[in-house]
Structures are given as structure tokens and as C-alpha cells.
């Protein structure tokens, strides 16, 4: 029996490697996004603790220096949170780009796999036709031999 050889196997292999690379890049970008979100959450928790401290300072004796320092810390945390939110948005944008690249790589691989399947189906059909042709020839030969023996 003949062996099926897909003539564009190297392209399929390349598409599979590109897809795997795109998956790894997507995962790395997802990790970067998660880290940026965790930093933003940490900054928000830190600002919340400063706000809680501000409430405590207002309830205790009025220490103006501590209250000013606390207000400045809250303002700084607000600015840091805004900056970190921008970083999170940038990471989300990068993640979307990586996701699009991954989808494209998956689409290319699937296209090559479908082409390979079609080529294999064509190969099987051609093989079946060749076998049918050989069977017809064998049948004709056998029939011819029987006729010659009868004559």
C-alpha cells in the first residue's frame, strides 16, 4: 500500500509552532496583566488604609502634621492608582493584540489541517480507484483465461 505524504507538512509544522509561540506570548501577557491588576489592587488597599487612618486621626486629638501627611499620602496613592490603572489598560490592550495573533495562528493551523485532510481524502480516493482498476484488470484477465480454456 502506498504511503500518504502531505507535501505541505512543513507549512503545517510551522503553523503549529507559530500557534504554540502565540499561546506562550498570550500566557505571558495575561500574567503581566494579572500582576498589573494585583499592583493596582494593592495600591487601592493601601489608600483605603490611609483613609481609615485619616478617620482615626480626625477622631483622636487634632495633630495637624499627621493629618497633613496623611492627606498627602492619600493624594499620592490616588495619583499612583491612576497611573497604575493606565498601566492595566495598556496591558489589556497588549493582551487583546496577543489574543488576536493567537486566533490568527489557530486559524492558519486549522486551515492547513483541513487542507491535509482533504489531501488525504483525495489520496484515499485515488488509492481506491487504483485498486478498483487493478481488480478490473485481474477480473478481465481471469475471464480471458477461462474463455481460452473453454475454446
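The values are calculated or read from the model by the stated rules, or taken from the named source; none is laboratory data. Keep in mind it's a predicted model, so treat the numbers as computed, not measured. A quick note on method: Cβ atoms are made from the backbone with ideal geometry, for glycine too, and the neighbour counts reach across all protein chains shown.
State whether one or more residues within segment 59-77 are within 30 Å of residue 109 (Cβ to Cβ), in contact with a helix residue (DSSP H, G or I) (Cβ under 9 Å, 6 or more places away or on another chain) and surrounded by 12 or more Cβ atoms within 10 Å (Cβ to Cβ). Let's see the steps before the verdict.
Taking segment 59-77 as the starting set, the residues that turn out to be within 30 Å of residue 109 (Cβ to Cβ) are none.
No, segment 59-77 has no match at all.
Which one of 110, 116, 124, 98 is surrounded by fewer than 12 Cβ atoms within 10 Å (Cβ to Cβ) and under 30 Å from residue 8 (Cα atoms)? Walk me through how you get there before you give the answer.
On the way: 110 fails: surrounded by fewer than 12 Cβ atoms within 10 Å (Cβ to Cβ); 116 fails: surrounded by fewer than 12 Cβ atoms within 10 Å (Cβ to Cβ); 98 fails: surrounded by fewer than 12 Cβ atoms within 10 Å (Cβ to Cβ).
Selected residue: 124, the only one of 110, 116, 124, 98 that is surrounded by fewer than 12 Cβ atoms within 10 Å (Cβ to Cβ) and under 30 Å from residue 8 (Cα atoms).
Which number in (1) under 30 Å from residue 99 (Cα atoms); (2) surrounded by fewer than 16 Cβ atoms within 10 Å (Cβ to Cβ); (3) in contact with a helix residue (DSSP H, G or I) (Cβ under 6 Å, 6 or more places away or on another chain) marks the one condition that residue 4 misses?
(1)
Working carefully through the options 138, 102, 80, 127, find the one that is modelled with pLDDT under 95 and under 39 Å from the mean Cα position of the chain (by Cα). Break it down into steps so the answer makes sense when it comes.
On the way: 138 fails: under 39 Å from the mean Cα position of the chain (by Cα); 102 fails: modelled with pLDDT under 95; 80 fails: modelled with pLDDT under 95.
That would be 127, the only listed residue that is modelled with pLDDT under 95 and under 39 Å from the mean Cα position of the chain (by Cα).
When you go through 79, 15, 66 one by one, which is the residue that is over 30 Å from residue 128 (Cα atoms) and touching a residue at least 60 places away in the same chain (Cβ under 8 Å)? Write out each step before concluding.
Details: 79 fails: touching a residue at least 60 places away in the same chain (Cβ under 8 Å); 66 fails: touching a residue at least 60 places away in the same chain (Cβ under 8 Å).
So the residue among 79, 15, 66 that is over 30 Å from residue 128 (Cα atoms) and touching a residue at least 60 places away in the same chain (Cβ under 8 Å) is 15.
What's the total number of residues in segment 1-37 that are assigned to a helix (DSSP H, G or I) and closer than 13 Å to residue 109 by Cβ? Even if it seems obvious, please write down each step before you answer.
Looking only at segment 1-37, we keep the residues that are assigned to a helix (DSSP H, G or I), and these are 9-37.
Going one step further and asking which of them are closer than 13 Å to residue 109 by Cβ, we end up with 9, 11-23.
The total comes to 14.
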